[in-house]
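Here's the structure, in structure tokens; my notes come after.
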Amino acid sequence: MTGLAPLLRTLAVTAAAGLLALTGSVAAPAPPASAAPEPRTPREFVALDSVDRTILQEMRYTTPHNFTGVPVDGYRQPLCVLPRPAAEALHRAQARLLVRGYTLKVYDCYRPQRAVDHFVRWAEDLEDERMKKEFYPLVDKSRLFADGYIAERSGHSRGSTVDLTIVRLPARPTRAYRPGERLVECYAPQEKRFPDNSVDMGTGYDCFDTRSHTDDPRITAAQRANRQLLKGVLAEQGFVNLPEEWWHFTFRPEPFPETYFDFPVARRSVARH
């Protein structure tokens with residue numbers, strides 16, 4: 001084999017020289033195999049703003065203001081993506097709220113499986129508690145799986161689950177979170193916790209606490225009325241509330257009740273849908 005290698009090198013040089021003489025250039029080496037293509041997006045999925053531009057969007061997982069403290073895998077643009085039937089149902093709910101002086105605001109919609117995997121990795125890292133003071137002040141991080149706050153699958157990845165709230169009009173702007181700023185418990189009085197233009201729901205979004213249960217008895221009458229307004233308007237359009245989270249609703253019947261998707265949250269994922 002030691003005598004064969006120089007011969008092969010000579011043949012390669014000769015071939016390259018011949019190609020140069022014929023074309024004036026040497027063929028570039030073959031590129032490395034490209035990364036696997038992104039999962040295809042079913043045509044049923046659309047951007048919510050293509051159905052209703054009046055619904056506010058504050059997509060938390062594209063920012064560091066969430067329980068992980070960093071932007072979450074799979075969220076490439078701050079965009080709500082849903083199957084068209086769910087988006088149209090939100091449009092109908094929005095019409096009911098607008099005449100009463102309110103608007104919907106979504107925090108999260110379709111969630112890629114890679115984002116759920118990110119949550120799982122974060123939950124397994126017991127040393128990372130940078131956002132504990134705000135999002136899970138009373139929960140030991142080692143209990144997040146057992147207590148049901150984190151799971152390896154999420155209904156959001158089937159596409160028809162949405163996290164949302166109600167904002168009174170005219171909507172005031174919500175300031176951006178500044179990484180490293182002082183955190184306040186998510187169940188603190190509204191005027192003390194992180195500012196959000198939502199009506200007072202008793203807790204902030206993604207608050208890992210039993211006070212987030214829709215019918216928790218400790219909330220005030222006004223907070224209960226706000227939660228029931230959200231629940232009632234959405235129930236009229238086919239959305240079912242998760243009792244443990246006042247913000248969490250699933251459209252029924254789900255177009256994809258058995259499928260967990262992983263295409264990224266980006267406008268190109270639903271282009272021309």
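Structure notes:
- Residue match in the range 249-272 (condition: surrounded by fewer than 19 Cβ atoms within 10 Å (Cβ to Cβ) and modelled with pLDDT under 95): yes
- Taking the criterion of being crowded, with 19+ Cβ neighbours inside 10 Å and assigned to a strand (DSSP E or B), the residues of the range 224-248 that qualify are F239, N241, H248.
- The single condition from (1) farther than 24 Å from H91 by Cα; (2) over 22 Å from the mean Cα position of the chain (by Cα) that E236 fails is (1).
- Applying a threshold of 9 Å to beta carbon distances and a minimum spacing of six or more residues, or different chains, the list of pairs starting in the range 171-187 at a residue that is farther than 20 Å from F208 by Cα and ending at one that is open to solvent by 40 Å² or more (accessible area, probe 1.4 Å) and among the polar types (S, T, N, Q) reads A176/T63.
- Some residue of the range 45-62 being farther than 17 Å from H248 by Cβ, under 12 Å from the mean Cα position of the chain (by Cα), open to solvent by less than 70 Å² (accessible area, probe 1.4 Å) and not small (G, A, S): yes
The values are calculated or read from the model by the stated rules, or taken from the named source; none is laboratory data. These numbers were taken from a predicted model, which means no experiment stands behind them. All Cβ positions, even for glycine, are placed from backbone atoms using ideal geometry, and neighbour counts span all protein chains on display. Accessible surface is based on the protein model in full, side chains and every heavy atom, while ligands, DNA and RNA are left aside. Shrake-Rupley method; radii C 1.70, N 1.55, O 1.52, S 1.80 Å.
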